[in-house]
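Colleague: Below: one structure in structure tokens.
The values are calculated or read from the model by the stated rules, or taken from the named source; none is laboratory data. Nothing here was measured: the structure is a model prediction, and the numbers come from that model. Please note: Cβ atoms are built from the backbone with ideal geometry, for glycine as well, and neighbour counts cover all protein chains shown. Keep in mind that these areas ignore ligands, DNA and RNA; they rest on the heavy atoms of the full protein, side chains included. Shrake-Rupley method; radii C 1.70, N 1.55, O 1.52, S 1.80 Å.
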Amino acid sequence: GVPFTPTSTTTYTVTGTDANGCTNTDQVQVTVNSLPVINISSNSPVCESGILTLFANGGITYTWTGPNGFSSNDQNPIINNTTLFHSGTYYVTVVDINNCTNNDSVAVSIENLPVITLTSNSPVCEGNTLTITASGGNTYQWSGPQGFTASQSTINISNITTGNGGMYYVTVANSCGNNNDSVEVTVYPKPNLTTSSNSPVCENTDLELYASGTGTFSWTGPNNFTSSNPDIYFANVTSSVQGNYTVVLTDANGCTNADTIEVIVNALPMVEAGQNITVCAGSSITLTASGAQSYVWSNGVQNGVPFIPLSSDTYYVTGTDANGCTNTDQVVVSVNPLPTVD
């Protein structure tokens, strides 16, 4: 009298004993039938307003339930004029000839024409990357300015120019058909930037850097140099300011343009006027300088040309090298008077 679950067809034998201790036996065969093997499917995905058909076999009766209050006792029920509410999971209970039951389910998708979602990072600045993304379908076909075409859901155009601005069109398709959409892209041009300088310059002179345009400026350079002024001045420069100076111009749209100026600082020539000279009155001397390419002496003296100094004096020479840089030196000429002979 205790319930149990048989797992296979079996003959069971029982032995009974009465009050006198006498026994007898009997048998019963328990037949265990297999559950029906269900094969379930559908013609999903189905387009909206289409016909959904559910398929099942493996039994003699079928009980279906599903989304939107659906129920049916047909083996292969049909739902006409489907809507999105018919999407979901459909369940079937199958009863076979042995009155055994089994259950199964199938997922159904009802689709409509693609609902397109478009996003982009427009507006973008010239030289940057334009990104446009479409979603809502299985395939994508793009067209745009300058003969642009693509078949990805997301397109990226690097180093964009103003010519890439305009309308971008996309056709999005799924199993039910296709739909179209478009997005307008704005590309801001780089701000106009003009730079100049008086480089190369000589040591101990002034260095000037110039930038012009509409917006804000940011300079960087050697020795952690920074400035927000459009024009930069250095007085009495040395070789320490030599190097590359970069200026970035940012306009009201946040777009930038940049340029770099190489600054060269030429060393001054090492001009040597020579040793001081002492001569007797009326004697000829020659002043010769070295260390440069050309020389200009004071008092009308010519480099390397003999002359007779009339009195003691200091003579100055300015030497100019191939870079146009100059330096000076001096020499003292002492003229001793001749003795008075009596």
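Colleague: Largest first and in whole Å, give the semi-axes of segment 37-192's equivalent ellipsoid, each being the square root of 5 times a Cα gyration tensor eigenvalue.
Modeller: Numbers: eigenvalues 531, 31, 23 Å².
Result for segment 37-192: semi-axes of 52, 12, 11 Å.
Colleague: Given all pairs of different Cα atoms, what value in angstroms does the Kirkwood hydrodynamic radius of segment 178-217 take?
Modeller: Numbers: mean 1/r = 0.0681 Å⁻¹.
In segment 178-217 this quantity evaluates to 14.7 Å.
Colleague: Something else about it: If you project the alpha carbons of segment 1-45 onto the principal axes, what extent comes out on each, in Å, largest first?
Modeller: On the principal axes, segment 1-45 reaches 74, 17, 9 Å in Cα extent.
Colleague: Report the far tail of the P(r) of segment 223-324, meaning the percent of Cα-Cα pairs longer than 20 Å. Don't skip to the answer; put the middle values down first.
Modeller: Values: 3069 of 5151 pairs.
Beyond 20 Å sits 60 percent of the P(r) for segment 223-324.
Colleague: If R0 is 30 Å, what FRET efficiency do you get for Gln275 and Asp206 from their C-beta distance, rounded to 0.05? Numbers along the way, then the final one.
Modeller: Values: r = 34 Å, r/R0 = 1.14.
Efficiency, from the Cβ-Cβ distance: 0.30.
Colleague: What number does segment 232-275 give for Rg over Rh if you use C-alpha atoms and the Kirkwood radius? Could you put the intermediate results ahead of the total?
Modeller: On the way: Rg = 17.9 Å, Rh = 13.8 Å.
With Rg and the Kirkwood Rh in hand, the quotient comes to 1.30.
Colleague: Hey, what does the equivalent ellipsoid look like for segment 132-249, semi-axes from the Cα gyration tensor as sqrt of 5 times each eigenvalue, largest first, whole Å?
Modeller: Listed largest to smallest, the semi-axes of segment 132-249 are 52, 13, 10 Å.
Colleague: If each of Ser175 and Phe55 carries a label point 7 Å out from its Cα toward its Cβ, how far apart are those two points in nm?
Modeller: The answer from the label model is 1.3 nm.
Colleague: How long is the gain from Thr246 to Thr119 if the chain were fully straight, where each residue apart is worth 0.36 nm and the alpha carbon distance is subtracted? Display every interim value, and only then the final one.
Modeller: On the way: separation 127, 0.36 × 127 = 45.72 nm, distance 3.53 nm.
The span from Thr246 to Thr119 would gain 42.2 nm if fully extended.
Colleague: Given a Förster radius of 30 Å and the C-beta distance between Ile264 and Gln330 as r, what FRET efficiency does 1/(1 + (r/R0)^6) yield to the nearest 0.05? Please report the intermediate quantities before stating the final value.
Modeller: Details: r = 29 Å, r/R0 = 0.97.
So the FRET efficiency works out to roughly 0.55.
Colleague: What is the packing order of peptides 14-26, 50-62, taking the mean over residues of other C-beta atoms within 10 Å and listing the highest first? Kindly include the intermediate steps, with their values, before the conclusion.
Modeller: On the way: 14-26: 7.9, 50-62: 17.5.
Per-residue Cβ counts within 10 Å, averaged per peptide and sorted highest first, yield 50-62, 14-26.
Colleague: In terms of solvent-accessible area of protein heavy atoms at a 1.4 angstrom probe, what is the ranking of Leu118, Leu249, Leu338, highest value first? Working shown, then result.
Modeller: Working: Leu118 40, Leu249 0, Leu338 105 Å².
My answer, sorted largest first, is Leu338, Leu118, Leu249.
Colleague: Please identify the cysteines of the chain that lack any partner cysteine with a Cβ under 4.7 Å from their own Cβ.
Modeller: Unpaired cysteines in the chain: Cys22, Cys100, Cys280.
Colleague: Test of understanding: express the Cα radius of gyration of segment 70-139 as a ratio to 2.2 N^0.38 Å, with N the residue count.
Modeller: Working: Rg = 22.8 Å, N = 70, 2.2 N^0.38 = 11.1 Å.
The reported ratio for this selection is 2.06.
Colleague: With Kirkwood's inverse mean 1/r over C-alpha pairs for Rh, give me the Rg to Rh ratio of the chain, two decimals please.
Modeller: With Rg and the Kirkwood Rh in hand, the quotient comes to 1.59.
Colleague: A follow-up question, please. In whole Å, what is the distance between the alpha-carbon centres of segment 75-150 and segment 156-222?
Modeller: About 39 Å separates the Cα centre of segment 75-150 from the one of segment 156-222.
Colleague: Same structure, new question: Quote the relative contact order of the chain in percent (integer), defining contacts as alpha-carbon pairs under 8 Å separated by 6+ residues. It would help to have the intermediate numbers written out before the result.
Modeller: Working: 818 pairs, mean separation 30.6, N = 342.
Once divided by the residue count of the chain, the mean separation gives 9 percent.
Colleague: Separation between the Asn112 and Val183 pseudo-spin-labels, each 7 Å from Cα along Cα→Cβ, expressed in nm?
Modeller: Those two pseudo-labels are separated by 2.3 nm.
Colleague: With N set to the residue count of segment 19-127, report its C-alpha Rg divided by 2.2 N^0.38 Å to two decimal places. Please list the in-between numbers first.
Modeller: Working: Rg = 25.7 Å, N = 109, 2.2 N^0.38 = 13.1 Å.
Normalised by 2.2 N^0.38 Å, the Cα Rg of segment 19-127 equals 1.97.
Colleague: Next up: Got a sec to turn the phi values of segment 114-122 into Karplus ³J(HN,Hα) couplings, 6.51 cos²θ - 1.76 cosθ + 1.60 with θ = phi - 60°, whole Hz, x for Gly and Pro?
Modeller: Rounded to whole hertz, the list is x, 9, 8, 10, 10, 9, 8, 9, 5.
Colleague: If the chain between Ser158 and Gln302 were fully stretched, how many nm would it gain, using 0.36 nm times the residue separation less the Cα-Cα distance?
Modeller: On the way: separation 144, 0.36 × 144 = 51.84 nm, distance 6.56 nm.
Contour length minus Cα-Cα distance gives 45.3 nm.
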